[in-house]
1. Among (1) exposed (fewer than 14 other Cβ atoms within 10 Å of the Cβ); (2) at pLDDT 95 or above; (3) within 19 Å of A102 (Cβ to Cβ), where does T127 come up short?
2. Surrounded by fewer than 16 Cβ atoms within 10 Å (Cβ to Cβ) and of a type outside the set (S, T, Y): does that describe L90?
3. Could we say that K75 is modelled with pLDDT of 95 or more, of a type in the set (K, R) and more than 29 Å from E148 (Cα to Cα) here?
4. Of S122, S134, which residue is surrounded by fewer than 19 Cβ atoms within 10 Å (Cβ to Cβ) and among the small types (G, A, S)?
5. Just to be sure I understand, how many residues within region 137-150 are surrounded by 14 or more Cβ atoms within 10 Å (Cβ to Cβ) and closer than 21 Å to R99 by Cβ?
6. Return the only residue of K172, K185, K196, K166 being among the charged types (D, E, K, R), in a helix (DSSP H, G or I), within 19 Å of the chain's Cα centre (by Cα) and modelled with pLDDT of 85 or more.
7. Applying the selection to region 17-37, what residues are under 26 Å from M149 (Cβ atoms) and modelled with pLDDT of 95 or more?
8. Being touching a residue at least 60 places away in the same chain (Cβ under 8 Å), part of a helix (DSSP H, G or I) and not hydroxyl-bearing (S, T, Y): is that true of A135 here?
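The values are calculated or read from the model by the stated rules, or taken from the named source; none is laboratory data. Owing to the predicted nature of the structure, the values given are computational and were not obtained by experimental measurement. When we count neighbours, we look across all protein chains shown, and the Cβ atoms used for this are built from the backbone with ideal geometry, even at glycine.
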Amino acid sequence: MTNFKFITTFLLITLYSCGQKPAKYKVDPAAVELNNKAMTLVAFIDNADSSNKAISLLDKATTIDSNYFLGHYNKLMFFNQLKQFDKAVLTINKLIQLRPSAHDLYLTGGILYERIGDTVSSKAYLTKSLTICSAVLDTMSVTNRDYEMLMSNKATNLIMLDNQQKANEILKQLYDKQTDEELKKNTLSMMNKNKKQLLELWTSDQYSHQH
């Protein structure tokens, strides 16, 4: 059974898009079918052939419908599994083109650019993510169901941008408020980490984070 390293690497990244509700459109059914077929291979993601086959199916889906967000998004987990971070960067940029206000995509992009050693682009993407995230949080009620996720992502950005002190303040606030033991444990595991330690934490087999 796979440990789904994608989840551990792209901590807290979800399909939630800060302050943006994209216009709904009808996705080509043939593209959806190919995406669904690719997703049956997630259970075999540890097998390189399965991951490559899934990417091939998703490539066909996004060729049929180039604006099919989920088709592009799902490629990320397979590229990550194969450590093809350069291709994942191209994919994240396509996703940002489709949803330019999504803080989570910029955060993922920042992590990916860090992986390929482009620290200049990484910093730019993380700064953009932090700016969007902060702006949304400024007008969001603490009772909003997305508040904790956004605060966690803000802390993640701050750690990646080498501002551990501010990140720890946010994480301590979250930790004190959380009632879910698993979330408390995951929040605690992020505290007092620098960028290098956080990246190592995400790629360790023992660490899992669910949102």
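1. Of (1) exposed (fewer than 14 other Cβ atoms within 10 Å of the Cβ); (2) at pLDDT 95 or above; (3) within 19 Å of A102 (Cβ to Cβ), only one is false for T127: (1).
2. Values: surrounded by fewer than 16 Cβ atoms within 10 Å (Cβ to Cβ): yes; of a type outside the set (S, T, Y): yes.
Taking the combined requirement at face value, the residue satisfies it.
3. On the way: modelled with pLDDT of 95 or more: yes; of a type in the set (K, R): yes; more than 29 Å from E148 (Cα to Cα): no.
For K75, the condition - modelled with pLDDT of 95 or more, of a type in the set (K, R) and more than 29 Å from E148 (Cα to Cα) - is not met.
4. Details: S122 fails: surrounded by fewer than 19 Cβ atoms within 10 Å (Cβ to Cβ).
Testing whether each residue is surrounded by fewer than 19 Cβ atoms within 10 Å (Cβ to Cβ) and among the small types (G, A, S) leaves just S134.
5. Just the residues of region 137-150 that are surrounded by 14 or more Cβ atoms within 10 Å (Cβ to Cβ), to begin with: 137, 140, 146-150.
Filter once more, keeping what is closer than 21 Å to R99 by Cβ: 137, 140, 146-147, 149-150.
Selection size over region 137-150: 6.
6. Values: K172 fails: within 19 Å of the chain's Cα centre (by Cα); K185 fails: within 19 Å of the chain's Cα centre (by Cα); K166 fails: within 19 Å of the chain's Cα centre (by Cα).
Checking each option against the conditions leaves just K196.
7. Matches in region 17-37: N35 only.
8. Working: touching a residue at least 60 places away in the same chain (Cβ under 8 Å): yes; part of a helix (DSSP H, G or I): yes; not hydroxyl-bearing (S, T, Y): yes.
It is true that A135 is touching a residue at least 60 places away in the same chain (Cβ under 8 Å), part of a helix (DSSP H, G or I) and not hydroxyl-bearing (S, T, Y).
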